[in-house]
Amino acid sequence: KLGAALAGSSGRDPTQHDIFVANSQWTAELSAQYCKIRPVVIYPAVPGGTLTTPTRERENSFLCLGRISPEKRIEQVIAILERVRALGHATRLHLVGGGDDPRYVHTIQQFCDARREWIVFHGPLYAAEKLAMLNRCRYGLNSCNREAFGIATAEMMKAGVVPFELGR
């Protein structure tokens, strides 16, 4: 606060004089109404490895990767795969991620426990374990309704997982 008081105000309005950098087209579209200059999209770097397991050698399973939180709509992912399984496709779901809301994580854990013959709730995985999971699954599911960028989906794509975005 002292630094700001000593520096004073430049009188510049950043939305009118500066370039806004967005991490996705979605964020750029939402922000454009507040900026005089059209926002520039610079996609974040995607961590993780690359495709090492050929698709034909992967499990016929789905990966749901990322934060376990209500806006990710994990229940919808489970419901969709229940319908897929009801059609006779014996697929599995690997749910990978940690959460900040213990009640929601507990609810999802209960959903998984009731379907443990085909859902595995791994919790958070990092580095080599995460890369191994990315190279194990053939498909991915993301059900977040308003995903700004979707780094988990980008990680899946980089590793050769075929992602399905359900939220848009």
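Screening the candidates V162, V77 for the property of being closer than 28 Å to L30 by Cα, at pLDDT below 95 and surrounded by 20 or more Cβ atoms within 10 Å (Cβ to Cβ) yields one hit, V77. Considering each residue of the stretch 56-65 in turn, none proves to be over 21 Å from K130 (Cβ atoms), among the hydrophobic types (A, V, I, L, M, F, W, C) and modelled with pLDDT of 80 or more.
Taking L93 as the residue in question, decide whether it is touching a helix residue (DSSP H, G or I) at 6+ places or on another chain (Cβ under 9 Å), open to solvent by less than 40 Å² (accessible area, probe 1.4 Å) and either modelled with pLDDT of 95 or more or in a loop (DSSP other than H, G, I, E, B) (or both). Steps first, please.
Numbers: touching a helix residue (DSSP H, G or I) at 6+ places or on another chain (Cβ under 9 Å): yes; open to solvent by less than 40 Å² (accessible area, probe 1.4 Å): yes; either modelled with pLDDT of 95 or more or in a loop (DSSP other than H, G, I, E, B) (or both): yes.
The answer is yes for L93.
The set of residues in the stretch 28-53 that are within 22 Å of M156 (Cβ to Cβ) and modelled with pLDDT of 85 or more comprises V41, I42, T53. Put simply, of G48, G98 the only residue that is touching a strand residue (DSSP E or B) at 6+ places or on another chain (Cβ under 7 Å), surrounded by 11 or more Cβ atoms within 10 Å (Cβ to Cβ) and part of a loop (DSSP other than H, G, I, E, B) is G98. Considering S61, S69, the condition of being open to solvent by less than 70 Å² (accessible area, probe 1.4 Å), closer than 28 Å to V120 by Cα, among the hydroxyl-bearing types (S, T, Y) and without any contact (Cβ under 8 Å) to a residue 40 or more places away in the chain is satisfied by S69 alone. Looking only at residues of the stretch 1-22 that are part of a loop (DSSP other than H, G, I, E, B) and at pLDDT below 80, we find that the one that is nearest to I151 (Cα to Cα) is D13. Contact annotation: residue pairs with Cβ atoms under 7 Å, 6 or more positions apart or on different chains, pairing a residue in the stretch 94-111 that is within 16 Å of G66 (Cβ to Cβ) with a partner that is assigned to a strand (DSSP E or B) and among the small types (G, A, S), are H94/S61; G98/G123.
The values are calculated or read from the model by the stated rules, or taken from the named source; none is laboratory data. Because the structure is a prediction, the values reported are computed rather than measured. So basically every Cβ, Gly included, is an ideal-geometry build from the backbone, and we count neighbours across all protein chains shown. Remember, those area values only see protein heavy atoms, side chains included, never the ligands or the DNA or RNA. Shrake-Rupley method; radii C 1.70, N 1.55, O 1.52, S 1.80 Å.
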